[in-house]
Structure formats: C-alpha cells, structure tokens
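Below is one structure, written out as structure tokens, with a few remarks after it.
The values are calculated or read from the model by the stated rules, or taken from the named source; none is laboratory data. Quick caveat, the model's predicted, so the values are computed rather than measured. All Cβ positions, even for glycine, are placed from backbone atoms using ideal geometry, and neighbour counts span all protein chains on display.
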Amino acid sequence: MLHCNMNRPSNAQLELEDLLANFHYARRQDQLGRLASLAYCEVKGWARLAIKPALADTAIRMFSENPCVSKVEFLQNIDGLISELELRYQAYRRDNTM
C-alpha cells in the first residue's frame with residue numbers, strides 16, 4: 001500500500017530549488033551569459049510548469065521589451081528576479097510544513 005506524504009516537495013519546488021542554486025552560483029561567478037540564459041529560458045520554463053504566468057512574462061519582458069543598457073542594470077534585474085524566486089521558494093517551504 002502506498003502512503004501519500006503531504007510534506008513531499010513537488011516537482012516545481014525541486015526544480016525551483018535547483019534553479020535558485022544555479023542562479024546563486026552564476027551570480028557569484030559573474031557569469032552574465034549564464035544568468036541571461038537562466039532568466040530567459042529556465043525561469044520562463046519553470047514559471048509555466050508552476051502555473052505562474054506573470055513571472056514567465058516578467059522573464060520574457062526583461063529581454064524583449066526593456067533590454068538592459070548596462071551591466072549594472074542587468075544585474076539589478078537579475079537580483080530582482082532572484083528575490084522573486086526566493087519568495088516563491090519560501091512559500092513552497094511554508095506550505096509543505098503545515
């Protein structure tokens with residue numbers, strides 16, 4: 001008989017954990033290309049999986065509507081995106097401890 005564990009992380013939560021680890025590593029290493037790839041491709045994909053269309057739109061708009069004119073601006077946008085993802089991760093953790 002299978003037992004359902006309500007505290008078991010979802011695929012979206014696990015993928016978000018990996019995504020955040022990748023972001024933090026790339027940010028520490030100043031890997032701008034990797035950060036751009038994570039923001040555009042990976043965040044967009046994760047947000048769609050997690051049914052967070054507003055976050056997917058934010059990731060797309062970072063590159064299509066408002067491209068950065070400087071490294072400083074790009075990193076500020078990346079830091080904002082990381083903060084948003086961290087809030088979502090904290091919400092997953094909070095929901096799984098109840």
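Given the structure, is Arg61 basic (Lys, Arg), in a helix (DSSP H, G or I), more than 18 Å from Gln13 (Cβ to Cβ) and free of Cβ contacts under 8 Å to residues at least 60 places away in the same chain?
Judged against the criteria, Arg61 is a match.
Hey, any hits in region 16-25 for a residue that's exposed (fewer than 15 other Cβ atoms within 10 Å of the Cβ), at pLDDT 90 or above and among the aromatic types (Phe, Trp, Tyr)?
Yes, because at least one residue in region 16-25 is exposed (fewer than 15 other Cβ atoms within 10 Å of the Cβ), at pLDDT 90 or above and among the aromatic types (Phe, Trp, Tyr).
Output the residues belonging to region 64-92 that are part of a helix (DSSP H, G or I), of a type outside the set (Asp, Glu) and either touching a residue at least 24 places away in the same chain (Cβ under 8 Å) or surrounded by 14 or more Cβ atoms within 10 Å (Cβ to Cβ) (or both).
Lys71, Phe74, Leu75, Asn77, Ile78, Leu81, Ile82, Leu85, Arg88, Tyr89, Tyr92
Can you list residue pairs whose Cβ atoms sit under 7 Å apart, with the first residue in region 15-29 being on the phi > 0 side of the Ramachandran plot and of a type in the set (Asp, Glu) and the second being loosely packed, with under 15 Cβ neighbours inside 10 Å and part of a helix (DSSP H, G or I)? Count only pairs 6 or more apart in sequence or on different chains.
none
Would you point out which residue out of Arg34, Arg28, Arg94 is among the basic types (Lys, Arg) and modelled with pLDDT under 95?
Arg94
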